[in-house]
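Report on the structure given below.
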Amino acid sequence: SILGVLTLAGCAGSGSGPTESKVSLTAPSWLGGKQSTTMLAGVKRGPYEPSTLAIGEERDLARQRGEGMGFVRSAALEQYLNDTRARLVAVSGQTGVPGRVMILASPIFNAISTPDGNVYLTMGALESLDSADEVAAILAHEVSHVLLKHHNADIMGDMQKKGQALYELGIGTKTALSEGSTATKSDAKTLQQVQMATDATDKLITPAWTRGQEREADELGLDLLVESGQSGPAMLGMLEKLQAWEKANPQTEQAFWDQLAQTAQHNVNDAANVAYQKLLSSVSSAHPKTEERISDTAQYFERYYGTRTLVEPKVEPWKAVKSRPDVAIVMRVYRQAFAAKKLLDEGKA
């Protein structure tokens with residue numbers, strides 16, 4: 001439970017939260033330094049500086065639309081999520097932060113942010129969250145990646161560089177397949193293998209953060225929650241929901257990595273294969289475990305907010321949105337679609 005995690009953290013609250021002054025952070029604890037103030041206190045105030053990797057909102061939306069079964073379009077749900085995001089961004093002190101929240105039609109528990117500031121949240125995640133505060137928590141984490149300029153970090157550029165060979169191969173492949181070229185059976189199989197590799201690489205070019213970056217986003221996200229009047233422990237609640245989903249669906253994550261490895265082995269382009277294997281290795285080894293994130297976030301919460309009165313999570317606002325007839329029917333139909341697809345994938349037509 002959340003209380004159990006906070007107890008195990010064993011850290012007494014040492015302050016009342018973020019200060020109004022601009023304080024430079026010392027070296028982060030994950031680099032051996034000792035963090036002396038909140039992440040929010042170290043965020044530069046003023047106009048937001050766009051990521052150097054931004055490609056434009058429309059291109060970014062078009063790229064992500066192909067994930068899962070596309071976008072879930074529900075005006076009320078999108079409005080709720082974007083209003084929540086706006087409140088979180090407002091307390092950051094940065095202005096002109098680009099991006100919007102879109103819902104991906106996918107049953108997995110996931111959320112990503114992109115260099116253009118957009119946040120993509122899956123239906124699987126929305127189904128798992130129980131309160132307005134937990135919804136705000138997952139958005140706060142992704143917004144924090146944007147505010148902290150993680151999309152400008154070396155790992156992002158490195159991942160894109162390593163994946164570029166496969167990506168370029170895929171562009172030609174998709175063009176050839178869509179134009180119905182007169183390739184031989186063998187050539188067609190090769191093209192399909194390259195396309196599979198490219199599609200998988202597209203997924204990995206999407207941020208897969210290092211331990212330090214995930215910790216920073218969890219911590220700043222918690223700051224944004226507290227300062228916007230949300231329940232701080234909701235960040236722990238959200239992470240616990242993620243951990244529960246991972247334990248209930250262990251085969252999903254493993255199947256993804258197995259598919260990537262298999263695709264790489266069959267790729268006919270040796271140079272691309274080498275880049276791909278390096279990419280696969282760097283992502284899988286650097287990504288933190290959810291249990292780690294829960295523990296780190298609990299300690300951070302106790303350090304900076306342990307003396308504050310706890311804000312109770314607000315269940316009703318989120319429940320009210322999901323209960324709206326126009327939202328409820330959309331969520332129900334997608335739930336049925338996911339169940340149907342699962343049966344088809346298992347060969348149970």
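I need the helices (runs of 4 or more DSSP H) fully contained in segment 42-135, keeping only those with at least 3 residues that are open to solvent by 20 Å² or more (accessible area, probe 1.4 Å) and out of contact with any Asp or Glu (no Cβ under 6 Å at 6 or more places or on another chain).
57-65, 75-90
Do the conditions hold for Arg293, that is, is it among the basic types (Lys, Arg) and open to solvent by 70 Å² or more (accessible area, probe 1.4 Å)?
Details: among the basic types (Lys, Arg): yes; open to solvent by 70 Å² or more (accessible area, probe 1.4 Å): no.
Considered against the rule, which asks whether it is among the basic types (Lys, Arg) and open to solvent by 70 Å² or more (accessible area, probe 1.4 Å), Arg293 comes out as no.
Checking the conditions here, which among Ala54, Ala90 is of a type outside the set (S, T, N, Q), out of contact with any helix residue (DSSP H, G or I) (no Cβ under 6 Å at 6 or more places or on another chain) and modelled with pLDDT of 95 or more? Step through it out loud before you land on a result.
On the way: Ala54 fails: modelled with pLDDT of 95 or more.
Going through Ala54, Ala90 in turn, the sole match is Ala90.
The values are calculated or read from the model by the stated rules, or taken from the named source; none is laboratory data. This structure is a prediction, so every number in the text was calculated from the model and none was measured. When we count neighbours, we look across all protein chains shown, and the Cβ atoms used for this are built from the backbone with ideal geometry, even at glycine. What goes into the accessible areas is simple: the full protein's heavy atoms, side chains included, and nothing from ligands, DNA or RNA. Shrake-Rupley method; radii C 1.70, N 1.55, O 1.52, S 1.80 Å.
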